[in-house]
Amino acid sequence: MRKLSLSLLVCLLCLAGLHTAFAQDPRDPYAFRFEQVGGKFDNPLYLTHANDHSGRLFVVEQAGQVWIMYEDGRMLEQPFFDINALVTDDTFRAGYTERGLLSLAFHPQYAENGTFFVYYFDRDGHTALARYRVSSDDPNRADPTSGVILLRIAQPFTDHNGGGLKFGADGYLYLSVGDGGGTQGDPDGNAQNLSVLLGKILRLDVSDLSADRYAIPPDNPFLNTPEAAPEVWAYGVRNPWRISFDRETGDLYIADVGWAGAEEVSFVASGSQGGMNFGWNIIEGNNRLSDRQLDAANYVPPFVTYDHTQGCSVTGGYVYRGALLQALRGLYFYGDYCNGNVWVAERGRDGTWENRPFKNTGRQISSFGEDQRGELYLIDYKGYVLRLRRS
């Protein structure tokens, strides 16, 4: 009888433990971790894939190199791409800078045409969008002679260069450009000025791979607006360092680095015709900075804001759409460069948002990334790539 009682007690304890396990929130951050993949990089800023089923990841370094790393962590000894001579004088090694090679986007049909695009800050003090091709005899090396500069934007200062470069589901290339910088809150008033490309989200047609310039999509919102730059798709951003599209819905997320007291992320639903104003430098986050009039019909407030007691520089991420972590599907991940915090946001069916902390990584988060399967990566500016996994 004593043995039976002990057995029964053990069984009840086991059942209680199982109940507790199943009762836990499946999105409990303690159930997940970011684990290091591959070796050490030099000031990495971005990670992406070529959508070519090769299992390759492309890691962008600020000094102008792009390295190939496979999903299992193997790294190639030679860079895929190197434009160090074009993008920097290496002064950033002595201190923080927002210059260098900022982003990389592969053409949606890269497997067929071998074309990719880069966004960088050049030696003349301008931001540049350029098109390149892969080498004809080595799929792991780009052709350095194939470069064509499609767009150059003069910069009044060395900061607030933006850096987002993404193809939308419509096939057009979206480029997020900062307001030009300066110590004040957009001293030249660029973000609210439709005639300049600074402080904007641009939408370009780069489908003609034989042309030395982009075309303007025929439905860009300001195409027929006098004195407005036709490339402009949206405006009123300060330093939109990272943007991303939800690969399942096509929704756009714009993370805009703040100034006086607010970091923010904005949402644009798939199918939007553009033309929206995100408020800078009249509004920052939910804080009114100016008495100037703001057209309420075009204004889109952020769905994420946090003040500088919680961080100092937002790093936009992705909506998780991978297959390995089903409990996280549909959550938008974003973080902070300064303190390593990661948050998640979820949009309800009624359009309302729930934002909550996920975990503190202790990393200097320069970017997030996705592989072709939709698994999520975190880029640590101090040299590391980490992949989100179950603990």
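The values are calculated or read from the model by the stated rules, or taken from the named source; none is laboratory data. All values derive from a computational prediction rather than experimental measurement. So basically every Cβ, Gly included, is an ideal-geometry build from the backbone, and we count neighbours across all protein chains shown.
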Cβ-Cβ under 7 Å pairs, at least 6 apart or on other chains, the stretch 325-339 side without any contact (Cβ under 8 Å) to a residue 24 or more places away in the chain, far side part of a loop (DSSP other than H, G, I, E, B): R329/Y320; R329/R321
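Here is a yes/no grid of residues against (1) part of a loop (DSSP other than H, G, I, E, B); (2) surrounded by fewer than 15 Cβ atoms within 10 Å (Cβ to Cβ); (3) under 23 Å from the mean Cα position of the chain (by Cα); (4) polar (S, T, N, Q):
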position	(1), (2), (3), (4)
G181	yes, no, yes, no
D186	yes, no, yes, no
N193	yes, no, no, yes
R203	no, no, yes, no
D219	yes, yes, no, no
T225	yes, yes, no, yes
A228	yes, no, no, no
The stretch 123-135: number of residues that are crowded, with 18+ Cβ neighbours inside 10 Å and either of a type outside the set (K, R) or modelled with pLDDT under 95 (or both): 6
Verdict on N161 being among the polar types (S, T, N, Q), at pLDDT below 95 and in a loop (DSSP other than H, G, I, E, B): yes
Output for the stretch 254-283, where each listed residue is crowded, with 24+ Cβ neighbours inside 10 Å and either in a strand (DSSP E or B) or touching a helix residue (DSSP H, G or I) at 6+ places or on another chain (Cβ under 8 Å) (or both): I254, A255, D256, E263, E264, V265, S266
Flag if V206 is β-branched (V, I, T) and within 22 Å of L150 (Cα to Cα): yes
Which numbered condition L101 fails, given (1) surrounded by fewer than 22 Cβ atoms within 10 Å (Cβ to Cβ); (2) closer than 22 Å to G147 by Cβ: (1)
Of the criteria (1) acidic (D, E); (2) without any contact (Cβ under 8 Å) to a residue 40 or more places away in the chain; (3) touching a Gly at 6+ places or on another chain (Cβ under 7 Å), which one E263 fails: (2)
Some residue of the stretch 331-341 being in a strand (DSSP E or B), at pLDDT 95 or above and either more than 20 Å from F32 (Cβ to Cβ) or of a type in the set (D, E) (or both): yes
Single residue of T249, T158 found to be farther than 25 Å from V60 by Cα and polar (S, T, N, Q): T249
Identity of the residue in the stretch 306-327, in contact with an Asp or Glu (Cβ under 7 Å, 6 or more places away or on another chain) and crowded, with 19+ Cβ neighbours inside 10 Å, that ends up farthest from G369 (Cα to Cα): Y306
Which listed residue is under 20 Å from G275 (Cα atoms), in contact with a Pro (Cβ under 6 Å, 6 or more places away or on another chain) and of a type in the set (A, V, I, L, M, F, W, C), from L197, L204, L223, L175: L223
All positions within the stretch 282-305 that are more than 23 Å from G335 (Cα to Cα) and of a type outside the set (F, W, Y): I282, R288, L289, S290, D291, R292, Q293, L294, D295, A296, A297, N298
Count - residues of the stretch 51-90 that are part of a strand (DSSP E or B) and of a type in the set (V, I, T): 4
Any hit, the stretch 371-389, residues being surrounded by 15 or more Cβ atoms within 10 Å (Cβ to Cβ), assigned to a loop (DSSP other than H, G, I, E, B) and among the acidic types (D, E): yes
Subset tally (residues that are surrounded by fewer than 21 Cβ atoms within 10 Å (Cβ to Cβ), modelled with pLDDT of 95 or more and out of contact with any Gly (no Cβ under 9 Å at 6 or more places or on another chain)) for the stretch 80-98: 0
